[in-house]
Amino acid sequence: MTILVTGAAGFIGSNFVLDWFDNSQEDVVSIDILTYAGNLENLSSLDGNSHHHFIRGNISDRALVSEILNKYQIRAIVNFAAESHVDRSIHGPGDFIDTNIVGTYNLLESVRSYWNDLDEATKKAFRFLHVSTDEVYGSLADKTPAFTEKSPYEPNSPYSASKASSDHLVRAWFHTYGLPVLTTNCSNNYGPYHFPEKLIPLCILNALNGKPLPIYGDGKQIRDWLYVKDHCTAIREVLKQGQIGETYNVGGWNEKTNLEVVETLCAILDELKPKSDGKRYADQMTFVKDRPGHDRRYAIDASKLERELGWKPQETFETGLRKTVLWYLENETWVNHVVSGEYQHWVEKQYS
Ligand code: NAD
Ligand code: DAU
């Protein structure tokens with residue numbers, strides 16, 4: 001048996017594939033178009049592993065996806081492939097429409113055609129797991145209850161609107177065609193292999209390089225944070241035991257303001273790699289112009305996943321963040337490769 005993982009060279013996709021091989025003997029086919037966010041170095045520890053097959057390609061390429069599905073007799077798909085950065089979606093929404101909406105549509109159609117031709121038992125066991133985000137639910141007011149699976153969709157950015165559209169397509173392919181789908185809506189991930197355009201890795205690297213730590217607006221926006229390995233475990237559980245057609249919220253019960261996040265990571269750095277001038281990394285925090293349409297608060301109620309599938313996060317925010325900071329300190333080569341080239345253009349465009 002083989003599973004197909006899309007967007008497998010990105011942050012969560014690569015963590016998922018590595019985690020899969022720590023927990024399973026089953027083969028994985030990874031497909032990724034390798035945008036700026038896709039990095040084969042994330043998967044380099046699997047070089048020479050005959051159970052892993054990497055294919056560079058687009059989820060919209062129906063001929064290629066059909067060939068893969070048939071050749072490897074895929075029994076499940078985990079769809080991570082997406083454009084994932086909110087700020088980039090504000091500068092240019094087109095790629096988000098192309099991959100997150102049209103790409104998901106094309107993938108669903110390739111899969112539906114393959115699935116239709118399977119024998120009844122294989123058809124029944126087949127799964128299409130769509131990885132989505134808490135951002136589809138929009139922004140929460142202070143002290144209001146966390147998002148549940150029943151919360152209305154109210155996306156506010158081009159990114160979240162494109163993810164919401166993809167969730168609706170996945171839902172429709174279940175109700176209309178019977179495709180056995182599962183959807184997960186997760187909060188902010190952090191951990192190894194996180195591309196440094198996102199808050200946590202950006203601030204770790206800027207701190208170490210003596211650069212400003214940019215805080216949008218007043219820094220009191222709230223996100224729920226989940227260590228990426230806990231997200232991977234949740235996805236494995238949903239794939240194994242989830243009810244088809246259902247959605248599952250995934251979160252870490254870790255609501256933090258952005259100021260708290262950056263202050264905590266600065267304190268960890270002060271301890272692990274004190275500055276030679278005796279100053280604190282937090283002194284580099286700098287308030288900058290806010291993100292347009294910036295959602296104020298996200299919070300996830302993950303009790304359905306805990307109650308029905310027995311999942312619980314293993315890391316607290318403090319333990320997960322310490323592991324993350326250590327990983328960046330210990331993986332200088334990875335960091336040096338990632339921050340060259342296209343990354344510099346992005347930093348210039350966003351922060352100059
Ligand atoms: P990422 O940007 O790090 O990785 C996305 C990967 O998809 C990249 O490797 C990229 O090359 C690939 N890709 C893009 N377009 C493609 C296409 N057309 N065909 C094939 N591959 C393509 O993103 P991530 O942070 O790893 O997020 C993965 C998924 O999880 C996304 O769907 C995202 O919406 C969702 N998600 C992310 C978070 C988070 O905090 N990062 C939280 C919840 C949900
Ligand atoms: O909630 C899940 C989502 O989390 C995922 O669906 C997205 O793919 C992922 O990118 C992430 O979105 P956010 O916009 O929340 O993540 P980001 O790291 O970009 O920003 C986190 C918070 O920090 C947000 O309130 C904006 C703020 N921020 C971000 C950057 C990059 C800053 O204050 N300064 C910055 O330079």
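Per-residue 3J(HN,Hα) values for the stretch 248-263, derived from phi via the Karplus relation 6.51 cos²θ - 1.76 cosθ + 1.60 with θ = phi - 60°, read 10, 7, 10, x, x, 6, 10, 7, 9, 6, 4, 4, 4, 4, 5, 5 Hz in sequence order (x marks Gly and Pro).
Cβ-Cβ distance of A63 and L34, R₀ of 22 Å, FRET efficiency by 1/(1 + (r/R0)^6): the value works out to about 0.70. For the chain, the square roots a ≥ b ≥ c of the C-alpha gyration tensor eigenvalues yield an a/c of 1.5 or more together with a/b exceeding b/c, which makes the shape prolate. Taking the alpha carbon gyration tensor of the stretch 79-165, multiplying each eigenvalue by 5 and rooting it gives semi-axes of 29, 19, 8 Å, largest first.
On the accessible surface of the chain, probed at 1.4 Å, how many percent belong to carbon and sulfur atoms?
50
Can you tell me how the stretch 39-124 classifies by the Cα gyration tensor, rounded, prolate or oblate, using a/c under 1.5 as the rounded cut? Since a/c reaches 1.5 but b/c is at least a/b, the shape of the stretch 39-124 is classed as oblate. Can you tell me the orientation of helix 199-208 relative to the chain, as the angle in degrees between its alpha-carbon axis and the longest Cα principal axis, to the nearest 10? Tilt of helix 199-208: around 40 degrees. Here's how it looks for S132: its modeled amide H is under 5 Å from those of T184, N185, C186, which are all 5 or more places away or on a different chain. Taking the longest Cα principal axis of the chain as reference, the axis of helix 342-351 is set at about 60 degrees. Gain on full extension, evaluated as 0.36 nm per residue between K71 and Q314 minus their Cα-Cα distance, stands at 83.8 nm. Surface exposure of the stretch 109-196, expressed per residue as accessible area with a 1.4 Å probe, stands at 41 Å². For I77, what is the net charge nearby, where nearby means another residue's Cβ is under 12 Å from its Cβ and Lys, Arg count +1, Asp, Glu -1? Overall, the nearby charge balance is +3. Stretching the chain fully between A121 and A172 yields a gain of 16.1 nm (0.36 nm per residue, less the alpha carbon separation). Annotation: lysines with alpha-carbon distance below 24 angstrom to K323 (same-chain offsets under eight excluded): K198, K211, K229, K256, K273, K275, K279, K312. Counting only alpha carbon atoms, the long axis of helix 104-116 and the longest principal axis of the chain meet at about 30°. The label-point distance for A141 and S276, in a model that sets each label 7 Å from Cα toward Cβ, rounds to 5.3 nm.
Charged side chains reduced to their Cβ positions (Lys and Arg at +1, Asp and Glu at -1) give the chain a dipole of some 320 debye around its Cα centre. Counting every pair of alpha carbons in the stretch 1-146, the share spaced more than 23 Å apart comes to 39 percent. Prolate is the label for the stretch 213-352, because the ratio a/c of its alpha-carbon gyration tensor axes (a ≥ b ≥ c) is 1.5 or higher and a/b is greater than b/c. Comparing S276, S84, S132 in a Gaussian network model of the chain (Cα springs below 10 Å), the most mobile by mean-square fluctuation is S276. Between the stretch 120-147 and the stretch 23-84, how many Å separate their Cα centres? Their Cα centres are 22 Å away from one another. The heavy atoms of Y72 present about 50 square angstrom of accessible area, all protein chains included, probe 1.4 Å. DSSP beta bridges fully contained in the chain are about 5 percent antiparallel.
The values are calculated or read from the model by the stated rules, or taken from the named source; none is laboratory data. Note that the structure is predicted; figures quoted are calculated from it, not measured. Positions of Cβ are generated from backbone atoms using ideal geometry, with glycine treated the same way; all protein chains shown enter the neighbour counts. For the accessible areas, the whole protein counts, side chains as well, though only heavy atoms, and no ligand, DNA or RNA atoms are used. Shrake-Rupley method; radii C 1.70, N 1.55, O 1.52, S 1.80 Å.
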